[in-house]
Amino acid sequence: MIESFKGRSIGQSFDWKLLSCYLLLVIFGLLNIYASVHGEAGGTFLSFSTRSGKQIVWIVTALVIAALIIFAIPPELWVSGAVIFYIFVVFLLVAVIFLGVEVKGSRSWFEFGPVRFQPAEISKISTSLMLAAVMSRSNFKISKLKDFLLAALIIGVPMLVIVAEDETGSALVYVGFIFMLYREGLTGWILMLIGLTILTFVLTLTASPYTAILTLAMITTFFLALNIRKIGKWILYGLGTGAIMSLLPWLINLLQEEFIPGAALLRDGLDDAWVKATILANSSWHWLLKVKPIYFLLALTLPAAPAALVKSYRKKDYFLGASALAFLVGIFMVYSTDFLFNDVLQDHQRSRIEVLLGMRDDPSGVGYNVNQSMIAIGSGGLSGKGYLNGTQTTYGFVPEQSTDFIFCTVGEEWGFVGCVGVILLYGFMIMRIIIDAEHSREHFTRIYGYCVASCLFMHLFINIGMTIGIMPVIGIPLPLMSYGGSSLWAFTAMIAIFVVLDHEERKYF
Amino acid sequence: MVARERNLLIGLGVAAVILIARLFIIQIVDTSYKESASNNSMVYDIIYPTRGVIYDRNGKILVGNKVAYDILVTPNEVGEFDTLLLASVLKTDPQAIRNKMAEYRRNRSRIGYQSMVMMKQLSPEDYMRFAEVQYKFPGFKGQVRSIRDYPINAGGNLLGYVSEVDASFIAAHPGEYRSGDYAGKTGIEAAREKDLRGVKGYHIYLRNSRNQIEERYKGGAMDKEAVPGHDIVTTIDADLQQYGQELMANKVGSVVAIEPKTGEILSMISSPGIDVSMLADIGKHYSEIVSDPYKPMFNRTVQASYPPGSVFKLVNGLIGLQEGVLDTKMAYPCNRGYRYSGNHKLGCHAHRSPLVLEEAIMMSCNGFFCYVLKSILENRKYKTIEDAFDRWREYVVSFGFGRKLGSDFPAELGGTIPTSKYYDKIYGKGGWKFTTVVSLSIGQGEIGVTPLQIANLSATVANRGYYYIPHIVKDSPGVEIAPKFHERQYTEVDTTEFKKVIQGMWRAVNSGFGSGGTASIAAVPGLDICGKTGTAQNPHGADNSVFICFAPKDDPKIAIAAYIENAGFGATWACPIASLMVEKYLNGSIAEGQRKDLEKRVMEGNLLDRVHVK
């Protein structure tokens, strides 16, 4: 491996695959920004009055920034200046709360004449550099509580300030640093537990307690099976039961609609007492309405947990016991979510979570956005409607379609093929960053690389996830493709710094 | 360490697979998004057809259409607005508007970018006031809508009303109506709904998410124009109907007038009725109408079942003649009634005795008709009284009693004529005889008929033995009525027998006061009115006043029945009302003098206090 790098020229020692991904995504993003705004009156592709025209300006300036970082600024500066840079950015983050202008309900923007800029975007870079600087010290060990807390503090400070700015979405990206921490030795169980907790909470609020408990049961049993190496049996019995149980709500619905005329009206929450009375009076099956799928699920899973605890005690199989406990705690969480959410949280906290999860009754209608976005993407089909031929995006059904919802244009006009292409391109780019990071000798470069990969991944997954309805609506842009200078500049700089650090590494070979 | 890199790369792969799998489902497996997409960009602008106009027999408009405005709101487009100003412009309560907006907010996911009807049927004047300030209320707009207009106050119950369809109505007519449509609910509006409603059309537009119309879809090639409803020509004479309503003011009962030659219903008055001014906006007046103790919604002409009283003597007389147990020379005595079973007596008033059929009809003798029914039921031709009774019933039914006549009017009821089994059940087989059913002789007892059936009897006698099924809609271009309405329906009594009772009816009216004729008050010189009074017992208070007549005697143009609840003798109220209507119809006006005075007395008469209400 090392042999092959010998005798390379400077040009060859840049990761051109990574840079090509970058350029492809930026240009594809520009094409789609034009597609999403061309239906609006006036302006051609290049006209500066349109977003596509402005985006060209942002791209050119971003390339200038990249060139400066790669060719002009000494790479050592990123290592030595990390601490000052970090402190400076945290200061900016706090200052913007008092000095910034309010955009869409959050105070997170500085305004200098025509240019607006969001410190939260640079904060991702400064935090990454700071983490790399601190964690690359030779005596740093993440398994030590003190060091772990230090890393958590570095991540937590900007994150909390950003939450205070009402930019909860941007703050969520910082959760992604957990992947980097895992790479640097954090135990996998913490990752698992955090994942499970978030999953349970989100599923309970957005889907239903039924889905949450079923998912929890599937995951717990999967790890149990993994632990005793009986994956085959789990696939046979576990997946089979899971599949039946996931069909159960549908089956019960079907029965209710078959036997109770108008059952759907009742379930839709029709508030007409008269209609309700008529429906109930006209059916001798109305008791069926009281049957809920959750009863079956709880009857099936709840008795298993105490049995597993007893068995674990007798056989001293602590993994089994821990799993059963985790499952019970999970069910407790599912049922306390409502209580936590409605009775413990303060009004403004709750509303923030509601916005976060797309449950909020706000006038712009978050649910409307997701629905329209899914219609636009879904209507694209296999190969899409063709460039500039999308009706949903052209007619302006999708809000924020050149910024946060740019993926809709891809979905509608380029279809499944285009979407898979974009996801693979991002995936490949992140993979390149991880591979490059692993190849580096300097811990600094490796840690920074993982930070970049984590941020990109979080943005990618949350953004695309929200447009296709598997993530709550969190207003964060699709890196490199979404319209907007702040985000493009920040990601360009972030990647450029990694490219130049990587370039330094390659020089050694 | 390499294991962790591997795990993270696997995780990256899993995340990519999750996204791709979800995309696969919504883009390729699930087709509903594609349908939503076309619904999204296409907006169907429903074009409501104008409802058919309802005319009277002389071409006067009974029900027309006029313009009103609904206020529509697209909640998604509404921002902050001046609720107080809007409320004052729309003449409503600010809280009502706030409540509506809150309701839309609650259902916003179901509403989406649809427009909701916030207020209905504003007059053009009110709408203009709104239009002046409309620019201050983005998201609010007016939609023109045609509503029913009633130029003449004639026949509220008859015409029926049109109102917005509700969930149960839509369910009862699958595929025909959508929420927001209007349909005829009662009367002619309901009976001829299919002709009147027309066919809805639509224009398809492409719109954007702000509900702004961008262009016509395919230049309007896929649009469908609305087809207006067919006009309906009714058999009603608007002037006669209106005049009858005026006569019936403050009285409870019915008047039905039929043209005997065709079976066309000239007027059909159920009093108290629904004023046409309430019909246009029935929703607003509904509770008021329903809570009225005199039940204006109840169409007495086809739904009330009354004992017919003495007018039924005509039927018994005709059956007697047909059965051969009665002839015009046969005389029976009547000394203030008919005595039977020892001490029992069916009373009668003072008149000459003995008397023949013609005189018995003229003077409405009770005793005479007891003998008639006795000879019908005790006829040796039949082995038992049951057989004789059932034969009698067959005759009665052939006159249109005891069953629905089959008119084109919705909600018609059939009344009741008892069968022999009915009495068998009560008294046991062979346990009853003529005297048990003696009241039937004079149209009392276990017998119920509707005013429409009584009017039909009048038309049958006028036609000398047949009738046309009474109906309310005439043939007109595009609307053809069922052939049964053009077929003569004969009774089981020979047509030759009818002239024998008609002479008695003529004498009842035209013999002058003091002659003993019961309906002298109905006489109009030159009109040759033939009539028969009736006084039917009413368990709730005073007797019901009944009168049937037709005129002119030899070329009947109108046959009429008046049935007034708790109004006493037939001659006091029913007789003047029916005769005034005949005079109005045939002469066009009421003669000065006595007749005018009579008209005045009738119109001013208020009998509501006599009526027993719950």
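In region A:227-274, of all residues being at positive phi and within 13 Å of another protein chain (Cβ to nearest Cβ), the one that is modelled with the highest pLDDT corresponds to A:Gly262. For region B:149-160, the count of residues that are on the phi < 0 side of the Ramachandran plot, hydroxyl-bearing (Ser, Thr, Tyr) and surrounded by fewer than 18 Cβ atoms within 10 Å (Cβ to Cβ) is zero. The set of residues in region B:554-587 being touching a helix residue (DSSP H, G or I) at 6+ places or on another chain (Cβ under 9 Å) and assigned to a loop (DSSP other than H, G, I, E, B) consists of B:Pro556, B:Lys557, B:Glu565, B:Asn566, B:Ala567, B:Gly568, B:Phe569, B:Gly570, B:Ala571, B:Thr572, B:Trp573. Annotation for region B:520-538: at least one member residue is among the small types (Gly, Ala, Ser), in a helix (DSSP H, G or I) and touching a Phe, Trp or Tyr at 6+ places or on another chain (Cβ under 9 Å). Would you confirm whether or not region A:164-177 contains a residue that is over 19 Å from the mean Cα position of the chain (by Cα) and over 26 Å from A:Ser126 (Cβ atoms)? No, because not a single residue in region A:164-177 is over 19 Å from the mean Cα position of the chain (by Cα) and over 26 Å from A:Ser126 (Cβ atoms). Would you please name the residue that is nearest to the other protein chains (Cβ to nearest Cβ), looking only at residues in region A:377-393 that are buried (at least 24 other Cβ atoms within 10 Å of the Cβ) and modelled with pLDDT under 85? Here the answer is A:Gln392. In this structure, A:Ile462 does not satisfy being under 26 Å from A:Ala120 (Cβ atoms), part of a helix (DSSP H, G or I) and at pLDDT 95 or above.
For (1) within 28 Å of the chain's Cα centre (by Cα); (2) loosely packed, with under 14 Cβ neighbours inside 10 Å; (3) farther than 25 Å from A:Leu150 by Cβ, each residue gets a yes or a no:
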| position | (1), (2), (3) |
| --- | --- |
| A:Trp78 | yes, no, no |
| A:Phe85 | yes, no, no |
| A:Val90 | yes, no, no |
| A:Leu99 | no, yes, yes |
| A:Val103 | yes, yes, yes |
| A:Ser108 | yes, no, yes |
| A:Phe112 | no, yes, yes |
| A:Phe117 | yes, no, yes |
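Going by what's in this entry, would A:Leu153 be described as within 22 Å of A:Ser80 (Cα to Cα), away from chain B (no Cβ under 14 Å) and of a type in the set (A, V, I, L, M, F, W, C)? Against the criterion (within 22 Å of A:Ser80 (Cα to Cα), away from chain B (no Cβ under 14 Å) and of a type in the set (A, V, I, L, M, F, W, C)), A:Leu153 qualifies.
The test for being out of contact with any Asp or Glu (no Cβ under 6 Å at 6 or more places or on another chain), β-branched (Val, Ile, Thr), assigned to a loop (DSSP other than H, G, I, E, B) and outside the structural domain of B:Tyr182 (by TED's automatic domain parsing) does not hold for B:Ile289. Counting only helices (runs of 4 or more DSSP H) that fall entirely inside region A:90-209 and contain at least 3 residues that are under 30 Å from A:Ala326 (Cβ atoms) and in contact (Cβ under 8 Å) with a residue 60 or more places away in the chain, the qualifying elements are A:168-173, A:177-183, A:188-202. The set of residues from region B:504-559 being polar (S, T, N, Q) and crowded, with 24+ Cβ neighbours inside 10 Å comprises B:Thr518, B:Thr533, B:Thr535, B:Asn544, B:Ser545.
Of all the residues in region B:376-386, those that are over 26 Å from B:Tyr466 (Cβ atoms), in contact (Cβ under 8 Å) with a residue 12 or more places away in the chain and surrounded by fewer than 19 Cβ atoms within 10 Å (Cβ to Cβ) number 3. Going through (1) over 18 Å from the mean Cα position of the chain (by Cα); (2) over 30 Å from B:Gly406 (Cβ atoms) one by one, B:Asp231 falls short only on (2). Restricting to region B:270-286, what's the tally of residues that are without any contact (Cβ under 8 Å) to a residue 40 or more places away in the chain and either farther than 26 Å from B:Tyr563 by Cα or among the β-branched types (Val, Ile, Thr) (or both)? Count: 3.
Where helices (runs of 4 or more DSSP H) sit wholly within region B:1-102, those with at least 2 residues that are under 23 Å from B:Tyr205 (Cα atoms), within 10 Å of chain A (Cβ to nearest Cβ) and touching a helix residue (DSSP H, G or I) at 6+ places or on another chain (Cβ under 9 Å) occupy B:32-41. With respect to (1) surrounded by 24 or more Cβ atoms within 10 Å (Cβ to Cβ); (2) more than 10 Å from chain B (Cβ to nearest Cβ); (3) acidic (Asp, Glu); (4) more than 14 Å from the chain's Cα centre (by Cα), the lone exception for A:Asp404 is condition (4). Looking at region A:219-240, which of its residues are buried (at least 16 other Cβ atoms within 10 Å of the Cβ) and β-branched (Val, Ile, Thr)? Scanning region A:219-240 gives A:Ile219, A:Thr220, A:Thr221.
The residues of region B:194-240 that are small (Gly, Ala, Ser), at pLDDT 75 or above and in a helix (DSSP H, G or I) amount to a single one, B:Ala238.
So in region B:268-307, with the set limited to residues that are closer than 18 Å to B:Val252 by Cβ and of a type in the set (Gly, Ala, Ser), which one is nearest to the chain's Cα centre (by Cα)? Looking at residues that are closer than 18 Å to B:Val252 by Cβ and of a type in the set (Gly, Ala, Ser), I get B:Ser270.
The values are calculated or read from the model by the stated rules, or taken from the named source; none is laboratory data. Fair warning: this is a prediction, and the values are worked out from it, not measured in the lab. Please note: Cβ atoms are built from the backbone with ideal geometry, for glycine as well, and neighbour counts cover all protein chains shown.
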